[in-house]
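The values are calculated or read from the model by the stated rules, or taken from the named source; none is laboratory data. What you are looking at is a predicted structure, and each value in this text was computed from that prediction instead of being measured. Neighbour counts are summed over all protein chains in view; Cβ atoms, including those assigned to glycine, are modelled from backbone coordinates with ideal geometry. Just the protein is used for accessible areas: all its heavy atoms, side chains included, with ligands, DNA and RNA removed. Shrake-Rupley method; radii C 1.70, N 1.55, O 1.52, S 1.80 Å.
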Amino acid sequence: MSENARRRTAPHDWRGRVAVPWMLVSGGVLAVVCLVLVSLYTDRPPTYLGVFVVALTLLVFGAVDVVVTRHGVTVRSVLVPVLRRRIPLTSITEAFAKRARPMELGGWGYRWLPRRTSVSLRAGDALWLRLAGGREFVVTVDDAARAARTVNGNLGRADGG
């Protein structure tokens, strides 16, 4: 296979990860403390249920992978990969990189706003996707400019460009 043919057929992928160490450490410590308390005080397990849910939430959303392929963009939990959001390439009209602050995205974590959904774990670089229908999807991740170039390149290839 010639170099040009390989370049045309090879999938153009990009991977990034964003992790918030304090969320992972806090979630782990809270989970262990809850398990110890439940084992010591077996008559009151519901008392610790709320704290355990907070611990699991911190662990699940404390680190996410962002994957760009020729099929679209996937954002998934590192610890529970079945928790994911897939955005097909056919739903994306444009991608760009821009700095974002959690407060402009609705706060930290997974957020739904009327015209925007976001996964915001920190302030800084973010991959912004314009979706068909005028909505936006935003995820804060390092090297967002390269991710946006990869998405836009895949959009160009899908359009025959």
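Strands (runs of 3 or more DSSP E) fully within region 64-128 that include at least 2 residues being over 11 Å from the mean Cα position of the chain (by Cα), surrounded by 16 or more Cβ atoms within 10 Å (Cβ to Cβ) and touching a residue at least 60 places away in the same chain (Cβ under 8 Å): 92-100.
Modelled with pLDDT under 90, open to solvent by 80 Å² or more (accessible area, probe 1.4 Å) and over 30 Å from A31 (Cβ atoms): is that true of R157 in this structure? The answer is yes for R157. Screening the candidates L59, L37, L105, L30 for the property of being modelled with pLDDT of 90 or more and touching a Lys or Arg at 6+ places or on another chain (Cβ under 9 Å) yields one hit, L105.
Quickly run through region 23-63 and pick out the residues that are of a type in the set (G, A, S), in a helix (DSSP H, G or I) and open to solvent by less than 30 Å² (accessible area, probe 1.4 Å).
If we filter region 23-63 for residues that are of a type in the set (G, A, S), which is where we start, we get 26-28, 31, 39, 50, 55, 62-63.
Subsequent filtering for residues that are in a helix (DSSP H, G or I) retains 26-28, 31, 39, 50, 55.
The answer is G27, G28, A31, A55.
Could you list, in sequence order, the residues of region 129-138 that are in contact with a strand residue (DSSP E or B) (Cβ under 7 Å, 6 or more places away or on another chain) and either open to solvent by 60 Å² or more (accessible area, probe 1.4 Å) or modelled with pLDDT under 95 (or both)? Scanning region 129-138 gives R130, A132, R135.
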